[in-house]
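Student: Sharing a structure with you now.
Bear in mind that the values in this text are calculations on the coordinates, not laboratory data. The model shown is predicted, which means the values in this text are computed figures rather than measured ones. Cβ sites come from the backbone with ideal geometry, for glycine too, and all protein chains shown count toward neighbours.
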């Protein structure tokens, strides 16, 4: 009895809200699973506009069926699901496009079949980021069904090009105001208020384009470490190597098939290719960028841990007149576009390549003192979750808008399967993350 006397009236109200939200989400478990698997069935690989539009259209129609108002950009590349009212808006940034499937032979099931098995949902996009989109939608519905007055709006902002150039976010910003603060459920817990920068760059090796290579292929997404690479040499011999796919933000978690192929070709020593020499000289160490001197090889910035800059080959192809190598760079705070361009341009003549920057995003850094982060910490602790502020090596939509962070859904002790074959997420994680998101939304819209 003394325990209950100790709890304030406000806390009693919060406990009741938490229980009501949890009960509703538990009741919706099968529907949440169904909707995630339905979204997985759309082969919305970045660049496939037809499938991506169909996926977005389905998602918005379902949101309307749940009783929400929806809007889109004029280009139909971003959807918005709205709830509540008020001058300030809480934003939730999700995306329905996905990366390529990698090596089809390494999938247990069709990547776009969507399967429930062994306590997990399997398929491309279950974790990144169709699962997060459905979790956030049902978290909003859990709060809406309470029927309580709201003093803030919520916008679930549904993008379609997160795995490529963020032209969708540019469209959104031209036509809609940016929310006051928000989160992206496109990573893991706890709270990530710092993210590395991001760059996709092509190196076109023109001298190698004249050496008679018949076929060359490795990788299908600029932000994924490839698990397979193959070359057919001028004399007709084919060489195939296998590695292990992973997200390019954590290259050491995988085994880069492009690097392995180049090491094998270098060991054979029969023909000297410029792309092989470049990878041997600068990219062989699985991600570290210190051989190129892009930064001073320190993992600290302004007293904060932010990791080392990494650089990884992710796609290699035989273009019309060159060998085209795509490299992905995750640079730490303080590294500029010109810094990267100048370092790569300095080696262009020696290795016979042309440099093209395809995409570049600045690092993200949200101040520890922002009140939104305190709310996030409070909600995390309420659900017995780690509430620390941390740095993320990856990139999410969070860096596209001021005062946004990456928050979930993968739990700290679980492996992330984004961008690899047999992508999956556990149903228990889905349920817990949905409750956390509902807890945050209720704090930000119902409570003062």
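Student: Could I have the simple spin-label model distance between residue 414 and residue 23, label points 7 Å from Cα toward Cβ, reported in nm to one decimal?
Tutor: Between residue 414 and residue 23, the label points sit 2.6 nm apart.
Student: Using the count of nearby Cβ atoms within 10 Å as a rough guide to exposure, how do 378, 204 rank from fewest to most?
Tutor: Ordered from fewest to most neighbouring Cβ atoms within 10 Å, 378, 204 come out as 378, 204.
Student: Counting other C-beta atoms within 10 Å, which of 431, 140 has the fewest, and how do the rest follow?
Tutor: 431, 140
Student: Using only the alpha-carbon atoms, how far is helix 427-445 inclined from the longest principal axis of the chain? Give it as 0 to 90 degrees, nearest 10.
Tutor: 60
Student: Just subtract the alpha-carbon distance of residue 110 and residue 321 from 0.36 nm times their residue separation and send over the number in nm, one decimal. Walk me through the intermediate numbers first.
Tutor: On the way: separation 211, 0.36 × 211 = 75.96 nm, distance 3.49 nm.
Taking residue 110 through residue 321 to full extension adds about 72.5 nm, to one decimal.
Student: Against the longest alpha carbon principal axis of the chain, how many degrees, from 0 to 90 and to the nearest 10, is the axis of helix 130-144 turned?
Tutor: Tilt of helix 130-144: around 10 degrees.
Student: Using only Cα atoms, locate the centre of segment 211-248 and the centre of segment 34-59, then give the distance between them in Å, rounded to an integer.
Tutor: Using only Cα atoms to place each centre, the spacing works out to 28 Å.
Student: Could you work out the helix-only [θ] at 222 nm for the chain, with each DSSP H run of four or more residues adding -39,500 (n - 2.57) and the total divided by the number of residues, to the nearest 500 deg cm²/dmol? Mind showing how you got there, number by number?
Tutor: Details: 12 runs with 138 residues, N = 448.
One gets -9500 deg cm²/dmol as the mean residue ellipticity at 222 nm.
Student: If you line up the long axis of helix 49-65 against the longest principal axis of the chain, both from Cα atoms, how many degrees apart are they, to the nearest 10?
Tutor: Computed tilt is about 10 degrees.
Student: Pull up the DSSP beta bridges for the chain and report the antiparallel fraction as a percent, rounded to 5.
Tutor: Values: 61 of 81 bridges.
Given both bridge residues lie in the chain, the antiparallel proportion sits at roughly 75 percent.
Student: Taking the chain as a Gaussian network, Cα atoms linked when under 10 Å apart, which of 70, 310, 395 shows the biggest mean-square fluctuation?
Tutor: 70
Student: Let me have the relative contact order for the chain, percent, based on Cα pairs under 8 Å that are six or more residues apart. Mind dumping the intermediate values first?
Tutor: Values: 990 pairs, mean separation 104.8, N = 448.
For the chain, the relative contact order is 23 percent.
Student: Using a Gaussian network model on the chain with a 10 Å cutoff between Cα atoms, which of 352, 394, 269 fluctuates the most?
Tutor: 269
Student: State, to one decimal in nm, how far the label point of residue 53 lies from the label point of residue 206, with both points 7 Å from Cα in the Cβ direction.
Tutor: Each label point is offset 7 Å from its Cα along the Cβ direction, giving 3.8 nm.
Student: Moving on to the next point. Working out 0.36 nm times the residue gap between residue 383 and residue 350, then minus their Cα-Cα distance, what length gain in nm do you get to one decimal?
Tutor: Numbers: separation 33, 0.36 × 33 = 11.88 nm, distance 5.61 nm.
Difference between extended and current length: 6.3 nm.
Student: Still on this structure, I have one more. With a 10 Å cut-off between alpha carbons and a GNM built on the chain, which of 437, 383, 198 moves the most?
Tutor: Comparing 437, 383, 198 in the GNM, the peak value goes to 383.
Student: What spacing in nm lies between the two simple spin-label points modelled at residue 242 and residue 267, each 7 Å away from Cα in the Cβ direction?
Tutor: 1.7
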